[in-house]
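Trainee: Pasting in a structure now, in structure tokens, and then I'll have a few things to ask.
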Amino acid sequence: MAVTLLVVAKAPVPGLAKTRLMKAMSAEAAAGIAAAALLDTLAAVASTPAHRRVVAMTGELADAARSDEVREALSQFVVVDQRGDDFATRLVNAHHDAFDGDPIVQIGMDTPQVTPALLTSVCTALLDLPEHCVLGPALDGGWWVLGVPNPTWVVPVGSVPMSQSDTGDLTRAALEKAGARVVLVEPLLDADELDDLQAVADLCAPTSNFARAVADQSR
């Protein structure tokens, strides 16, 4: 498919990754959960038949949990550094840095249950409606996937407050105010909070990195 798949990711460094989980587990364990989510996300993206795959990364991989495995997975991607002082700015810049003329479908690393089939359906929806944007709501009020014909459509998203219960609605409103017609796709649960981990793990294959990491943590 003539689509660029973009993953916006943070190196799973203890003390910096999945900090909301650190009230219930060690920094190392939280980073292990983040690493597992990232590895499963990269595997799903790598198996999706897109023309190009890019990861916009921040953080020091040398200090990350499962760093060797993450580096190996990243070898299948074009890797660019995130640029900007806040997440919204880095998001906009990541789309511009990834763009090579094809539409972009962008996800994060908090939905390890995502599958190549689901990503393919999102790409297809974007290609079938070239004047539209595609948005996948997250069940916590944010969003898990954003598909745009080109990076200019992401600029309005740069003004949207992130990590709020209404981020998804505000993102849709910003896109529509800019003139986009927004197509909604399947909502997913983010693995952000402790209470989310098992629910997301149950949606993953039992042998997945994320399901095994959650099982190990619950022992």
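The values are calculated or read from the model by the stated rules, or taken from the named source; none is laboratory data. Because the structure is predicted, anything quoted here is derived from the model rather than measured. Here Cβ is always computed from backbone atoms with ideal geometry, including for glycine, and neighbour counts include all displayed protein chains. Quick note on the areas: whole protein, heavy atoms, side chains included, nothing else; ligands and nucleic acids left out. Shrake-Rupley method; radii C 1.70, N 1.55, O 1.52, S 1.80 Å.
Trainee: Being at pLDDT 90 or above and among the small types (Gly, Ala, Ser) is the filter here, so list the residues in the stretch 143-173 that pass it.
Mentor: Passing the criteria: GLY147, GLY168, ALA173.
Trainee: Here is a list: LEU203, LEU194. Which entry is closer than 26 Å to CYS133 by Cβ and under 19 Å from the mean Cα position of the chain (by Cα)?
Mentor: LEU203
Trainee: Name, by its number, the condition in (1) more than 22 Å from PRO151 (Cα to Cα); (2) open to solvent by less than 50 Å² (accessible area, probe 1.4 Å); (3) not hydrophobic (A, V, I, L, M, F, W, C) that does not hold for SER75.
Mentor: Unmet condition: (2).
Trainee: Shifting gears a bit: Quick one: in the stretch 10-55, of everything that is outside any loop (DSSP other than H, G, I, E, B) and among the charged types (D, E, K, R), which residue is most open to solvent (accessible area, probe 1.4 Å)?
Mentor: In this case the residue turns out to be LYS23.
Trainee: Tell me which of these PRO187 doesn't satisfy, since it passes every other one: (1) touching a residue at least 12 places away in the same chain (Cβ under 8 Å); (2) open to solvent by 60 Å² or more (accessible area, probe 1.4 Å); (3) farther than 16 Å from THR115 by Cβ.
Mentor: Going through (1) touching a residue at least 12 places away in the same chain (Cβ under 8 Å); (2) open to solvent by 60 Å² or more (accessible area, probe 1.4 Å); (3) farther than 16 Å from THR115 by Cβ one by one, PRO187 breaks only (3).
Trainee: I'd like the full set of residues that are among the acidic types (Asp, Glu) and within 28 Å of LEU126 (Cα to Cα), limited to the stretch 169-219.
Mentor: ASP169, GLU176, GLU186, ASP190, ASP192
Trainee: Find the residue count for the stretch 194-207, including only residues that are open to solvent by less than 40 Å² (accessible area, probe 1.4 Å), farther than 17 Å from ASP140 by Cα and out of contact with any Pro (no Cβ under 7 Å at 6 or more places or on another chain).
Mentor: 0
Trainee: A further question follows. Among (1) over 24 Å from ASN93 (Cα atoms); (2) of a type outside the set (Gly, Ala, Ser); (3) in contact with a Leu (Cβ under 7 Å, 6 or more places away or on another chain); (4) not in a loop (DSSP other than H, G, I, E, B), which single condition is ARG212 missing?
Mentor: ARG212 satisfies every listed condition except (3).
Trainee: Identify all residues within the stretch 190-219 that are touching a residue at least 60 places away in the same chain (Cβ under 8 Å) and either aromatic (Phe, Trp, Tyr) or within 17 Å of ARG20 (Cα to Cα) (or both); write none if there are none.
Mentor: Selection gives ASP190, ALA191, ASP192, GLU193, LEU194, LEU197, VAL200, PHE210, ALA213, VAL214, GLN217.
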